[in-house]
Amino acid sequence: DPFDVVSPEVTTNAKSKFEANNTTKEHIEKVTLEDLDLSIISPSDQNFDFLKSVELYINADGLSELRIAHKNSVPEGQKEISLETVDNDLQEYIKSDSFTLRVKTVTDETFTEDVHINVYSNFFVDAKIVK
């Protein structure tokens, strides 16, 4: 059955991070999502067999929701999976004061205990250095 999970509003720390790297968000030229990996933290014997497919979307005020990663067929027996990223420029989302992420999944199993999943994301930021 498909279901959506919407994150609480995620506040970006873009300004402080960009200042620490000798730039500001006004100097960003492009932001892309390079990697997005999911791994199960607990329960320790759980794998992703319950998941048939997964899609990740980003949204921010005044911007259209955008699909940024997906996995259409999750292999069985995996405790870690890498999603395929979509080569979209995300700079306007990252520059905004906050953004939300929505996860759309299709599952084929029902389970009764919580599954805790770690999400690792790696972004590429192309920006001009301020001197």
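Side notes on the structure shown:
- Residue-level accessible surface for Thr105, protein heavy atoms, 1.4 Å, Å²: 10 Å²
- For the range 23-87, applying the loop criterion from DSSP together with a ceiling of 14 other beta carbons within 10 Å to the GluC sites (Glu not before Pro) yields Glu65, Glu76.
- Taken about its Cα centre, the range 89-131 carries a charge dipole of roughly 440 debye when the Cβ of each Lys and Arg holds +1 and the Cβ of each Asp and Glu holds -1.
- Accessible surface of the range 51-95, 1.4 Å probe, proportion on carbon and sulfur as whole %: 37 percent
- Taking every protein chain into account, the 1.4 Å probe leaves Ile117 with about 70 Å² of accessible area, to the nearest ten.
- Residue-count net charge about Asp49 - beta-carbon cut-off 9 Å; Lys, Arg +1, Asp, Glu -1: -3
- Legend: calculated FRET efficiency, Ile41 to Glu109, from the Cβ-Cβ distance at R0 = 22 Å, rounded to 0.05, equals 0.75.
- FRET efficiency, Gln78 to Phe124 (Cβ-Cβ, R0 22 Å, nearest 0.05): 0.30
The values are calculated or read from the model by the stated rules, or taken from the named source; none is laboratory data. All values derive from a computational prediction rather than experimental measurement. Cβ atoms come from the backbone with ideal geometry, glycine included; neighbour counts cover every protein chain shown. All accessible areas refer to the heavy atoms of the entire protein, side chains included, with ligands and DNA or RNA removed. Shrake-Rupley method; radii C 1.70, N 1.55, O 1.52, S 1.80 Å.
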